[in-house]
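S.K.: This is the structure, below, for whatever I ask next.
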Amino acid sequence: MPEPTLVIRGGDVVGPAGLTRADVAVAGEAILAVAESIEAPRGVRVLDAAGCLVGPGLVDLHTHLRQPGREEAETIETGARAAALGGYTAIVAMPNTEPAIDAAGVAAEVLALGVGCTAEVAVAGAITVGRAGHALAPLAELAALGITLFTDDGAGVQDGALMRRALDYAKGLGVTLAQHCEDNCLAAGGAMHEGSWSSRLGIAGIPAAAEEAMVARDIALSRLTGAPVHFLHMSTAGSVDLIRRAKEEGLPVTAEAAPHHMLLTHALVADYDPVFKVNPPLRTDEDVAAVIAGLCDGTINAVATDHAPHAPEAKDVPFDQAPPGMLGLQTAFPIAWEVLSPHLGPERVFALLSTQPAVIAKLTATDPRGAGHSAHGGLVEAGATANLCVFDPGATTVVDPAGLASRSRNTPYAGRTFTGAVRHTVLRGEAVVIDGAAQR
Amino acid sequence: MTGTQHLLSVADLGPEGIGEVLHVAEAFAEVERRSMPKVPTLRGKVVATLFFEESTRTRLSFETAAKRLSADVLSLAVASSSVKKGESLRDTVETVEAMGIDAIIIRHSSAGAPHQVARWVERAHVVNAGDGWHEHPTQALLDCFTVRQVLAERKGAAPDELGISCFEDLRVLIVGDVRHSRVARSEVLAYTALGAHVTLAAPGSLLPPSLEGWPVEVATDLDAALADADVVSLLRLQAERGSGSFVPSLREYTAGWGLTARRAERLAEHTIVTHPGPMVRGVEIASDVADLPRTVVTQQVANGIAVRMAILFLLLGGELQGLAEVPAVA
């Protein structure tokens, strides 16, 4: 039996038998043993996990890394560091870079830049060339690099016939198309949720119907084509309801929601601070409650950050001119914990942030294609890849924008305190975060 | 409003603050009637107007007000400024403030821009001269000032004697493109703060998407609402903001929602008609109606100067006591 190279001591392990107090021994990239008491040989690093949950490393389906093109806002390296600090071992880079990830060359570059970072970087490819919504991107060439998710995120595919064609084409590739649901005609010019606050503030609004119209359309297209559709960042009660009914019908649809849509509302825009501008926009209390209910009853499969860094100068402009988006990687788990743990046990919270997103992104098994990736989202047991997140529910996370690992500072949670904190992150057996500090 | 640093929204004032502005504006209206309508109140102060959007009357009105208070006035012509070279609003504002400006009067097409500017400045006072569809506080204040003036004149009293109680239960009808109107939002706040009943009348496409939290009623029958109104505030159909496509045609808009000569005949004798200007005769108001004595558009423009003098005076901390004795500047 090989010697352990790392021991995680005294945590509550999210394993096949439920939650168990145990030590976890890691050897190389794999979990060697999970047992009540494991001796650490001299010189082997021991991570204290007393009072902590030891679960699978988190998987983010929705990360904007801005490289190539907007390196002043984020790079793959800084984004991956923020991810590790947030407990993530794998993140899916969105394709709305400049240029967009709509060709194998750009995808390969991003995958190569992700190698050796503190979280594994998978890539979502664009559905259409330049994300312009006119012609299909080379889905098969991108799929050959191991890309399993495609989206024009930042925009929805407006042309229903083109989306239908993409779904028909994608079926044979075994990949999933993911939609940013926003009808551009209904949303045109909008900068926040259309409702009581937009009316008072004199800001053009994005009605809930702009999202729901496309959710409804793509549910119909999933029914028509039989192809799976993943619905990105669901933000309205109506969307959650549509997804719930589509699932009851047995359609192959999945959905995600972002932490900010589980916590924040449009009332925060009252002072016109662009840090609260995001797309889909912050909506009403009723929408927040519906998103939480959808996460709790299984309608929404995953919590995904929609981490969207923007350089200070980009956000320091009038509200309607600012780009939408907010940081999310380093605050997602504490927020999800605070919002969901009153309703769900720890295993279910880890399922929403790790296992289920790993299934959607097909990251549950090693894949040698592209840059190659290890297995994520599995239960903590001997033989599994040691991709782990150690979370301390008894600690607190205080959000200090200046202390974030991202190159940008656009967190909407500045000064806020959340229950629970990511303590350690282990990537392929390497402790990349120890006691809340990035190790490289 | 003593001690307030900025005027961003009518909501910053409250009924007492509005009353104070109206009171001080009366004093300046008196100054305006002098042969040399200028006082040294703000001598040495520098006021900058930053208009990022077209304007004739508001800009001239603010600049005239500042000059009558003996402030120095700087006017940023956006078309020929660094803004055209790509300078951000924040850098423009910080540059202006670094020159020792005491007050920044800003108009911007983005709602909330003055609020952001107010967060960026250190000591300058910021006055909202219109931000997108959001607010135009000084317009609403001068509308209230004008209405009170007319009511006082009819009673043969001085406006100041009426205080703000003359607005109690006054029935104000705001007609037109409320959705895209910053004047409407400020008027609703001002009139309702003073105790008036406000009713909105517009086609559904020109009402705000939600009126939740607005202390207003919505008229379904314009003709009935007109007959019932003490004050009718007409809004311009903002064709340049795309409002044209919110109604089938200007003809249909005028037929349904314009103050035509036929509709004007049904107004009560005492009803006052206001319009923030610029008027589009033949669309929201018939030309004949625009020229009726009850239509107080030119008084509004004239009063704008006194009201803006009051705002600048109150924000920049001039001394009101003894104003009547202050001799005009030679």
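Read the figures in this text as sums done on the coordinates, not as results from a lab. Remember, it's a predicted structure, so these values are computed and weren't measured experimentally. In this analysis, Cβ positions are derived from the backbone assuming ideal geometry, glycine residues included, and neighbour counts consider all displayed protein chains.
S.K.: In the range A:51-136, what % of DSSP beta bridges are antiparallel (nearest 5)? Could the numbers behind the result be given before it?
M.R.: Values: 1 of 9 bridges.
Approximately 10 percent, going by the DSSP bridge assignments.
S.K.: Non-local amide H neighbours of B:ILE285 (under 5 Å, H modeled in plane, Pro and chain starts lacking H): which ones?
M.R.: Residues meeting the criterion, in which the H sits 1.01 Å from N, are B:LEU259, B:VAL280.
S.K.: Could I ask something else about it? Could you please tell me the mean projected area of the C-alpha convex hull for chain A, averaged over all directions and given in square nanometres to one decimal? Please list the in-between numbers first.
M.R.: Numbers: hull surface 76.2 nm².
Here the figure is 19.0 nm², rounded to one decimal.
S.K.: Count the DSSP beta bridges whose two residues both fall in the range A:1-83, then state the antiparallel fraction as a percent rounded to the nearest 5. Present the calculation step by step, with values, prior to reporting the outcome.
M.R.: Working: 13 of 19 bridges.
Here the antiparallel bridges make up roughly 70 percent for the range A:1-83.
S.K.: As a quick test, which of the pairs A:LYS171/A:LYS362; A:LYS277/A:LYS315; B:LYS45/B:LYS67; B:LYS38/B:LYS155; A:LYS315/B:LYS85; A:LYS315/B:LYS45 have an alpha carbon distance above 21 angstrom in this structure?
M.R.: Violating the 21 Å limit, Cα to Cα: B:LYS38/B:LYS155; A:LYS315/B:LYS45.
S.K.: Also, I was wondering about something else. Where both partners of a DSSP beta bridge lie in the range A:57-360, what percent of those bridges are antiparallel, to the nearest 5? All intermediate terms of the calculation are to be shown ahead of the outcome.
M.R.: Working: 1 of 26 bridges.
About 5 percent, rounded to the nearest 5.
S.K.: Long-range amide H contacts for B:PHE51: which residues qualify at under 5 Å (H placed 1.01 Å from N, peptide plane, sequence gap of 5 or more or a different chain)?
M.R.: B:LEU76, B:VAL78, B:ARG107
S.K.: Further question: Based only on Cα atoms, what Rg/Rh ratio does the protein assembly as shown have, Rh being taken as Kirkwood's radius?
M.R.: Numbers: Rg = 30.9 Å, Rh = 28.9 Å.
Ratio of gyration radius to Kirkwood radius: 1.07.
S.K.: On to the next question. Apply the Karplus curve 6.51 cos²θ - 1.76 cosθ + 1.60, θ = phi - 60°, to the phi angles in the range A:33-46 and return the couplings in whole Hz, x for Gly and Pro.
M.R.: 7, 10, 8, 4, 8, 10, 6, 9, x, 3, x, 8, 5, 10
S.K.: Which order do the peptides A:40-46, B:172-178 take when ranked by the mean count of other beta-carbon atoms within 10 Å per residue, highest first? Each step should come with its number before you reach the end.
M.R.: Working: A:40-46: 11.6, B:172-178: 26.4.
Answer by packing, highest mean first, reads B:172-178, A:40-46.
S.K.: Taking only the alpha carbons of chain B, what extent do you get along each of the three principal axes, in Å, biggest first?
M.R.: 53, 51, 34
S.K.: Separate question: Provide a whole-number value for the mean count of partner chain Cβ atoms within 10 Å of the Cβ atoms in peptide A:200-208. Show your work: numbers first, answer last.
M.R.: Values: counts 12, 9, 15, 6, 6, 3, 0, 1, 0.
Mean number of neighbouring Cβ atoms from other chains: 6.
S.K.: Give me the angle, in degrees from 0 to 90, between the Cα long axis of helix A:285-296 and the longest principal axis of the Cα atoms of chain A, rounded to the nearest 10.
M.R.: 50
S.K.: Working out 0.36 nm times the residue gap between A:THR396 and A:GLN439, then minus their Cα-Cα distance, what length gain in nm do you get to one decimal?
M.R.: Values: separation 43, 0.36 × 43 = 15.48 nm, distance 2.04 nm.
The A:THR396-A:GLN439 span can extend by a further 13.4 nm.
S.K.: When you look at the Cβ of every residue in A:314-326, what mean number of other chain Cβ atoms sits within 10 Å?
M.R.: Values: counts 1, 0, 6, 6, 16, 7, 6, 5, 2, 0, 0, 0, 0.
The mean count of partner-chain Cβ atoms within 10 Å per residue comes to 4.
S.K.: Under the rule of at least 5 residues apart or a separate chain, name every residue whose amide H is placed under 5 Å from the amide H of A:ILE206.
M.R.: Here A:ALA191, A:MET192, A:HIS193, A:GLU194 satisfy the definition.
S.K.: Something else about it: Shielding by partners for B:115-125, please: the mean number of other protein chain Cβ atoms within 10 Å of each residue's Cβ.
M.R.: Values: counts 7, 9, 1, 1, 3, 1, 0, 0, 0, 0, 0.
Taking the mean over all residues of the peptide, I get 2.
S.K.: On to the next question. Please give the direction-averaged projected area of the C-alpha convex hull for the range B:1-82, in square nanometres with one decimal. Mind showing how you got there, number by number?
M.R.: Numbers: hull surface 27.2 nm².
With the hull built on Cα positions only, its mean projection is 6.8 nm².
S.K.: With θ taken as phi - 60° and the coefficients 6.51, -1.76 and 1.60, list the Karplus ³J(HN,Hα) couplings across the range A:221-229 in order, rounded to whole Hz; mark glycine and proline as x.
M.R.: Karplus-based 3J(HN,Hα) across the range A:221-229 equals 6, 5, 5, 5, 9, x, 8, x, 10 Hz.
S.K.: Averaged over all directions, how much area does the convex hull of the C-alpha atoms of the range A:159-294 cover when projected, in nm²?
M.R.: 8.1
S.K.: Continuing with this model, one more query. For the range A:395-406, in order, what is each residue's ³J(HN,Hα) by Karplus, 6.51 cos²θ - 1.76 cosθ + 1.60 with θ = phi - 60°, in whole Hz (x at glycine and Pro)?
M.R.: Values per residue, Gly and Pro as x: 8, 10, 10, 9, 8, 10, x, 5, x, 6, 7, 4 Hz.
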